[in-house]
Amino acid sequence: MVFDSEKQSIVSLAQAGDSSSGGISSMKEHLIKENHHHSPEDYSVLAAIPSFLFPALGAFLFGYEIGATSCAIISIKSPTLSGISWYNLSPVDVGIITSGSLYGALIGSIVAFSVADTIGLRKELILAAFLYLVGAIVTTVAPVFSVLIIGRLMYGVGIGLTMHAAPMYLAETAPSQIRGRMISLKEFAAVLGMVGGYGIGSLWVTVISGWRYMYATIIPVPVIMGIGMCWLPASPRWLLLRSLQGKGNVENLQQAAIRSLRRLRGSVVVDLAVEQVEEILAELSAVGEDKEATLGEIFQGKCLKALTIAGGLVLLQQITGQPSVLYYAPSILQTAGFSAAADATRISILLGLLKLVMTGVAVIVIDKLGRRPLLFGGVSGMVISLFLLGSYYIFYNTVPAVAVVALLLYVGCYQLSFGPIGWLMISEIFPLKLRGRGISIAVLVNFGTNALVTFAFSPLKELLGAGVLFFGFGAICVVSLFFIYFIVPETKGLTLEEIEAKCL
C-alpha cells in the first residue's frame with residue numbers, strides 16, 4: 001500500500017528523539033523550525049466553502065439566539081401579546097430565561113472536554129445541530145415556564161458544543177493561507193445571526209405569541225446544519241492522529257484521511273493528497289503527537305503555554321467590558337435623542353450592523369496583517385473608548401456626542417480584535433492531541449466569565465458608579481496590551497504543526 005514504507009520511517013522518527021522530558025527531541029523541533037518556507041497548500045475555493053458554511057451555521061444559531069431572545073422577552077412579558085397565562089414573570093424568572101442558554105453552554109463546554117477526542121469534531125457538530133433543533137422546538141411549543149427553561153438549556157448545550165467544535169474543525173480543515181479568514185468568518189456568521197435575530201424579533205414582537213414564532217423561524221437551520229455535517233468528511237488531522245496513536249486500522253484511517261483531504265481541497269490536490277498526508281504525518285510525529293495524551297499534560301510544558309495564551313485571551317475578551325458596554329448602549333444612545341420605547345430594537349440592529357461591518361473588515365485583513373497587529377490596534381482603540389465613556393459619566397454628561405462616539409469606537413475596535421481573533425487563536429494554538437480538551441477549558445472560561453461579569457455588573461455599578469467601572473475596564477485593556485505584547489505569538493501563515501513547533 002501507499003503508506004507501507006512511510007509507516008516504518010514515521011514510527012522510527014517518533015521513537016528516535018523521545019529522550020527529552022517533553023517527549024520531543026531538539027533535533028526534530030529544529031527540523032520544523034528551520035522549515036520557514038513551507039510550501040503553500042493547494043486548494044479550491046469552491047471545495048473550501050462547504051467545510052466553512054455548515055460549521056458556521058452553528059455560530060449563526062448562537063448569534064440568532066442572542067438577538068431573538070432580547071425581543072422574545074418583551075413578547076413573553078406582555079399581558080396582551082404573550083398568549084400565555086404565566087406572563088407575569090419576576091425579574092429572577094426573566095434572568096433565568098435570558099441566561100438559560102448561557103448555563104446550557106457551560107454544560108456543553110464540560111461535555112465537550114472529552115467528546116471531541118472520542119467521536120470527532122464532525123459528529124460533535126452533528127450532535128450540536130440535533131440539540132439546537134430539539135431546543136428550538138421545545139422552546140417554541142413550551143406550555144409552561146419550566147418547559148421553556150428546559151428548551152433554553154438544551155439549545156445552550158448545542159451552543160457550548162458548537163463554540164468548541166466549529167473553530168477546531170475549521171482550523172484543522174482550512175488551508176493555512178486562509179485559516180484566519182475562515183475562522184473569523186465564523187464570528188461574522190455569529191454577528192449576522194445576531195442581526196437576523198433582532199430583525200426577525202422586531203417583525204414578530206407585536207404579534208400575539210410572537211415569541212414562539214421567533215424561535216420557530218430558526219428551526220430549518222439546524223436541520224440544514226446537521227445534514228451538511230453528515231455530508232462533510234472527518235478532519236484529516238483527527239484521522240491521522242488516531243492512526244499514529246493506533247486507535248483503529250492504520251491503513252484505513254490513512255486512506256480515509258487522503259479521501260477527506262481531496263474533498264476538502266478539491267480537484268487541484270487529487271494527485272498531491274498522498275504527499276500532503278505524508279507531510280502531516282511526519283510533522284505530527286515530529287512534534288510528539290504520536291503519543292497518547294494524559295490529562296496532566298494540559299497543565300505542563302507547551303500545553304500549559306497554549307492554555308495560558310488561549311485562556312488569557314478569552315478571559316480578557318469578557319472582563320474588558322464588552323457585555324457591560326452593550327448593556328449600556330440603549331441608555332447612551334437615548335441621551336443623544338433616541339426614544340427608549342420606539343427605537344430600542346432599531347438601536348440594537350444599528351449596533352449589530354456596525355459589528356457586522358467591522359468583523360467583515362477583520363476577515364479581509366487578518367491573513368494579510370496578522371493577528372498581533374489587529375489585537376494591538378483594536379485593543380488600543382478600546383482603551384481610548386472606555387476612558388471616553390468613563391469621562392462622559394463623570395465629567396462630560398452634558399455632551400452626549402462623547403458617549404455616542406465612544407460607544408461606536410468601542411464596538412468597532414472590539415470586532416477588529418478580541419471578537420474574531422480570540423476564537424481564532426484558541427482554535428489554532430493547542431497541540432492536536434490536546435486541542436479538544438484545551439479548547440473545552442477555554443470555552444468554559446469564556447462562558448463562565450461572561451456569566452460572572454453579567455452577574456457582577458449591576459452591583460458594581462451601584463457600588464462604584466458607571467464612570468469608575470468604565471475606567472476600570474479601560475485599565476484592564478491596558479493590561480491586555482502587555483499580555484498581547486509579551487505572551488501572544490504571531491501565527492499568520494503557519495500550519496498547525498508549525499505553530500506547535502515554533503510558537504510553544
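The values are calculated or read from the model by the stated rules, or taken from the named source; none is laboratory data. Since the structure is predicted, the reported quantities are computational estimates derived from the model, not experimental observations. We place every Cβ from the backbone using ideal geometry, glycine too, and count neighbours over all the protein chains shown. The accessibility values were calculated without ligands, DNA or RNA, using every heavy atom of the protein model including side chains. Shrake-Rupley method; radii C 1.70, N 1.55, O 1.52, S 1.80 Å.
Taken over region 451-490, residues that are at pLDDT below 90, under 30 Å from residue 503 (Cβ atoms) and out of contact with any Pro (no Cβ under 6 Å at 6 or more places or on another chain) amount to 1.
Entry remark, region 228-277: residues being over 20 Å from residue 432 (Cα atoms), open to solvent by 40 Å² or more (accessible area, probe 1.4 Å), outside any helix (DSSP H, G or I) and touching a helix residue (DSSP H, G or I) at 6+ places or on another chain (Cβ under 9 Å) number 2 in total.
Yes or no, residue by residue, for (1) among the small types (Gly, Ala, Ser); (2) surrounded by fewer than 17 Cβ atoms within 10 Å (Cβ to Cβ):
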site: 462; (1), (2): no, yes
site: 469; (1), (2): no, no
site: 484; (1), (2): no, no
site: 488; (1), (2): no, no
site: 494; (1), (2): no, no
site: 498; (1), (2): no, no
site: 501; (1), (2): yes, no
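Entry remark, region 181-213: residues being farther than 10 Å from residue 60 by Cα and open to solvent by 40 Å² or more (accessible area, probe 1.4 Å) number 11 in total. Within region 112-151, the residues that satisfy the criterion of being of a type in the set (Phe, Trp, Tyr) and either open to solvent by less than 40 Å² (accessible area, probe 1.4 Å) or touching a Leu at 6+ places or on another chain (Cβ under 9 Å) (or both) are 113, 132, 145.
Note on region 145-187: residues that are under 27 Å from residue 491 (Cα atoms) and either free of Cβ contacts under 8 Å to residues at least 12 places away in the same chain or of a type outside the set (D, E, K, R) (or both) amount to 24.
Note on region 474-490: among residues that are within 14 Å of residue 370 (Cα to Cα) and in a helix (DSSP H, G or I), the one that is nearest to the chain's Cα centre (by Cα) is 484.
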